[in-house]
Amino acid sequence: MRTILLGGAEWVAVLRIGLGLWWLESWRHKDRKGWFERGTGIAWAADVADKHRWPFVKTGFAKVVQPRPRLMAYVVVYAELALGLGLVAGFLTPVALIGGLLLNLLYLVLMIHDWAEQGQNAMMALISLVALFTMSWQTWSLDHAMGFFL
């Protein structure tokens, strides 16, 4: 398939790179000092989980995240950075797409009551699926240059 400027494979690569930039922006705008030193991100998420309409969210958060808030803050913040860099550069792209999809699904479940957040996570998850199933790493990527995931 060809369009005026690019072919289908190139447009899918543009979509993948745009998703990576979206993750990088999510990382960039985080108050990392607040997340790491004051625990603001995990404290906010704990408050959301505590009021969640689904009991398994509160229970899961209490068992997995609350016992190790500092570690979880680093996991969340640096996962967003790694996803963004991986997708923009096209490095370990399928891994980044699946990781991003899982992170978006976690955010989607946690923020089930916030429609603005739902839209963002739903769009990012949809783009991840499209980029995954169209094998977006085959164009403009380090994966392609190094012969990964052929």
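The values are calculated or read from the model by the stated rules, or taken from the named source; none is laboratory data. Small disclaimer: the values here were computed from a predicted structure and weren't measured. Note that we place each Cβ from the backbone using ideal geometry, even for glycine, and neighbour counts take in every protein chain shown. Note: accessible area is taken over every heavy atom of the protein model, side chains too, but ligands, DNA and RNA are not part of it. Shrake-Rupley method; radii C 1.70, N 1.55, O 1.52, S 1.80 Å.
Every test in (1) closer than 29 Å to Ala131 by Cβ; (2) open to solvent by 30 Å² or more (accessible area, probe 1.4 Å); (3) of a type in the set (A, V, I, L, M) is passed by Val48 save one, and that test is (2). Return a yes/no flag: does the range 68-80 have any residue that is closer than 27 Å to Met146 by Cβ, open to solvent by less than 50 Å² (accessible area, probe 1.4 Å) and free of Cβ contacts under 8 Å to residues at least 60 places away in the same chain. Yes; the residues of the range 68-80 include at least one that is closer than 27 Å to Met146 by Cβ, open to solvent by less than 50 Å² (accessible area, probe 1.4 Å) and free of Cβ contacts under 8 Å to residues at least 60 places away in the same chain.
Whether a residue is open to solvent by less than 40 Å² (accessible area, probe 1.4 Å) and closer than 29 Å to Gly147 by Cα was assessed, and Gly41 does not pass this test.
Wholly within the range 1-116, which helices (runs of 4 or more DSSP H) include no fewer than the required count, namely at least 1 residues that are at pLDDT 95 or above, among the acidic types (Asp, Glu) and in contact with a Leu (Cβ under 9 Å, 6 or more places away or on another chain)? First the steps, then the outcome.
On the way: elements: 8-28, 40-50, 55-64, 69-89, 93-110.
Filter on the range 1-116 gives 69-89.
Of the residues making up the range 96-113, those that are without any contact (Cβ under 8 Å) to a residue 24 or more places away in the chain and surrounded by fewer than 16 Cβ atoms within 10 Å (Cβ to Cβ) number 3. Checking each residue in the range 120-150 for being surrounded by fewer than 16 Cβ atoms within 10 Å (Cβ to Cβ) and either under 17 Å from Leu15 (Cα atoms) or basic (Lys, Arg) (or both) picks out Ala122, Met123, Leu126, Leu129, Val130, Phe133, Leu142.
A Cβ distance below 6 Å, combined with a sequence gap of six or more or placement on separate chains, defines the contacts here; from the range 34-51, residues that are closer than 21 Å to Val109 by Cα and free of Cβ contacts under 8 Å to residues at least 12 places away in the same chain reach residues that are open to solvent by less than 40 Å² (accessible area, probe 1.4 Å) and part of a helix (DSSP H, G or I) in the pairs Thr40/Gly34.
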